[in-house]
Every structure is written in C-alpha cells, then in structure tokens.
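Quick notes on the structure that follows.
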Amino acid sequence: MDSDNEDFNVKDLQGQYVSADFSKKTLNSEQKNGAQDSEVAKLDQLNPIGKTEEEIRTERVESLIAKASEGMEYYRVQQKREEATKKRLENYKLKIQEAQADEKVMEESSEKAEEKIREFRKEIDTSRVWLHAHIDWFYASIEERENPDLKNKPFGIGDRNVINNVNKLAADLGIRKGIPSFVGKKLCPLFVMIQQDMVKYRKISGYFSNICKEYDPNPESSNLDEYSLDITDYLKKYNLKGDMGKSFIAHRIQKSVKEKLGFNIKIGIGPNILMAKVNSLFHQRRPDSNSFKCERSNKCLHDRRLCKKPSWSW
C-alpha cells in the first residue's frame, strides 16, 4: 500500500491492523460484502461471550502493546501501574461490600456524603462566570495545518522515539501518548512519527492567548492548548445578561479561533475554573459545535447523569 498517496479510512485501518486481518487490496462491492461477512464470523469465533467489536479491538490493542514493549522499561512501569490499580480496586470493592452488608454503615455514609455536598455548595461563589476554552487535538492540528497531507494519515508527535501526542486517526487505532514509536508502528504499519517543535507550539498558543485576552486580560492556563477566562467583568461592561450573554461570548471565541487559527475548540462555562473545565469535557466534539445547554439545577454537583449533558452549569 502506498503510504504517501493513500487516503485512509479509520474503520478500514482498524479492521486491517487491529481487529482482524482484512485484505489490503482494494475490494469491489461484492468482495467487500463477503469480507465483512467473514469478519463477522471471525469476531464470533473470538467472541464467545458476546463482547462488542470495540471491546475486542481494545483488548487486541492492549495485547499488541504488551507484546511489542515486553522487556522494556515502559513495559515494567505499565505492569507496576496495573498491579497498583488492581490492588486499589480490590480494596475499594471490599470496602463497598462491607458497607453494603451493614445498613447502618450505608446510612451513615450517605448522610456524610450529603453533608459534604451541602458544604461544597455553600463554598461555591456563583457570582463569577468562568469560561474554559480547549483546542481539539492542538499539536496534531498545528502539524496538519502546515502539512495538509498529514490529515489522512495516522501520526504521532514526540521526541527521542517516544510518542507525546497523536492525531485523531492514530488515537482511533489505539495509538496513544507515552508509548514508544515502534509500538505505534506495530499497531499500524502506516503510522508516521513527527519531531515535536515546542517553539512553534508556544507561538501558536500565544495567538490563542491573545484572542482570550480580549475578554479577560489575565487568562489562566496549565497547558498550551487551553485557557480559563473570568468573563464576569466583560459581561457587565457590555451589559450582556443571562444565558444569551454567556452563549454570545462563547460563540465569538469559537468563531475567532476558527477564523484566525483554523482550529475547532470545546468550551465549558461555570461559576469557577474547575466546573468550567469539567463542563468543557462534555462539550460535544463535532466541528463548529454550537450546542451550549444550560442546566441551572444544583443537582449537577452530584448527579452524573446531569453533568454529562450541559457544557455549562450553575
């Protein structure tokens, strides 16, 4: 397969290199249908307990990573982490089982949890409005903007043959940051490794910061691809009230970043930095998303079903 000129379909790549052994040759429609039927049969053989294709793919990826990195420092570190995580999970399960066996303990635990939630609500200053803006696939988007040919290729960015960031195509194939580049090649032979350029990334992040400073002169940031803004004073200055005012600022920032930098961003809004950032994680990831929903119920502080819906909350 010609890696320089080939346009890649993620699902095809996943099938070829992760889930099962699809043919690399171009198939006509009849052959493709036959291959899909064969694929289903293979999955049925590998899947006697009814796992989804995604679960099988994930297990296959983990297995490939383990085999490719066996004997390396990365492998030893991962094993230690997994063992520690399993130990913690077992301890938690035992505590839960012990608590569930005693109704009195369950009642006391519930009361303590409710009390903590009440205390947390009292401490929250809901008079401020914070906005958290995060650029999707920041490092990969910069490289794709400079080299459009990369848009249809799975690639990673890093230094000294360790992957620090990946694009969405690579992530969909199970390739992730923190693993050696040769493991990425094992997961997908078409994987490309690019040398990171932190000077370039900081420069682009500076442009992003300048856009944010139009609404808050002192935006806060812990990473190059995200900024938290206190837009309370801006809203008051221009008499922008209620949900419409907040939504207006969010859309303006989205539009400015798209027009000036060419990137899509996720935005979350909340009464503090933490809640704004959490809400940005639930912002839908489709390009140019304008889905800002407002959930004003305090239930969002402890009801996960509500927290998964809004991209802002009070």
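Hey, can you tell me all the residues within region 68-84 that are within 26 Å of the chain's Cα centre (by Cα) and in contact (Cβ under 8 Å) with a residue 60 or more places away in the chain? Correct list: Ala68, Ser69, Tyr74. Restricting the first member to region 85-99 and to residues that are under 15 Å from Ser109 (Cα atoms), and the second to residues that are of a type in the set (Val, Ile, Thr), the beta-carbon pairs closer than 8 Å and six or more apart or on different chains are Glu98/Val105; Ala99/Val105. Per the conditions (1) modelled with pLDDT of 90 or more; (2) out of contact with any Leu (no Cβ under 8 Å at 6 or more places or on another chain); (3) within 30 Å of Asn210 (Cα to Cα), the sole criterion not satisfied by Glu90 is (3).
For the condition at pLDDT 95 or above, within 21 Å of the chain's Cα centre (by Cα) and more than 20 Å from Glu143 (Cα to Cα), Ser222 does not qualify. Screening Gly206 against (1) modelled with pLDDT of 95 or more; (2) over 22 Å from Thr126 (Cα atoms); (3) in contact with a helix residue (DSSP H, G or I) (Cβ under 8 Å, 6 or more places away or on another chain) leaves a single unmet condition, (3). Pick out the one residue from Glu123, Glu103, Glu98, Glu143 that is under 30 Å from Ser280 (Cβ atoms), charged (D, E, K, R) and surrounded by fewer than 17 Cβ atoms within 10 Å (Cβ to Cβ). Testing whether each residue is under 30 Å from Ser280 (Cβ atoms), charged (D, E, K, R) and surrounded by fewer than 17 Cβ atoms within 10 Å (Cβ to Cβ) leaves just Glu123. Of all residues in region 255-281, those being under 24 Å from Glu144 (Cβ atoms), of a type outside the set (Lys, Arg) and either in contact (Cβ under 8 Å) with a residue 40 or more places away in the chain or touching a helix residue (DSSP H, G or I) at 6+ places or on another chain (Cβ under 9 Å) (or both) number 9. Comparison of Ile117, Ile135 shows that the only residue that is aliphatic (A, V, I, L, M) and crowded, with 17+ Cβ neighbours inside 10 Å is Ile135. Taking the listed residues Asp233, Asp197, the one that is touching a helix residue (DSSP H, G or I) at 6+ places or on another chain (Cβ under 9 Å) and surrounded by fewer than 19 Cβ atoms within 10 Å (Cβ to Cβ) is Asp197, with no other qualifying. Is it true that some residue in region 280-287 is modelled with pLDDT under 95, of a type in the set (D, E, K, R) and not in a loop (DSSP other than H, G, I, E, B)? The answer is no, given that none of the residues of region 280-287 is modelled with pLDDT under 95, of a type in the set (D, E, K, R) and not in a loop (DSSP other than H, G, I, E, B).
Restricting to region 200-230, name every residue that is more than 20 Å from Arg252 (Cβ to Cβ) and surrounded by 19 or more Cβ atoms within 10 Å (Cβ to Cβ).
Leu224
The values are calculated or read from the model by the stated rules, or taken from the named source; none is laboratory data. Being a predicted model, the structure only gives us computed values, none of them experimental. Note: ideal-geometry Cβ built from the backbone for every residue, glycine included; neighbour counts use all protein chains shown.
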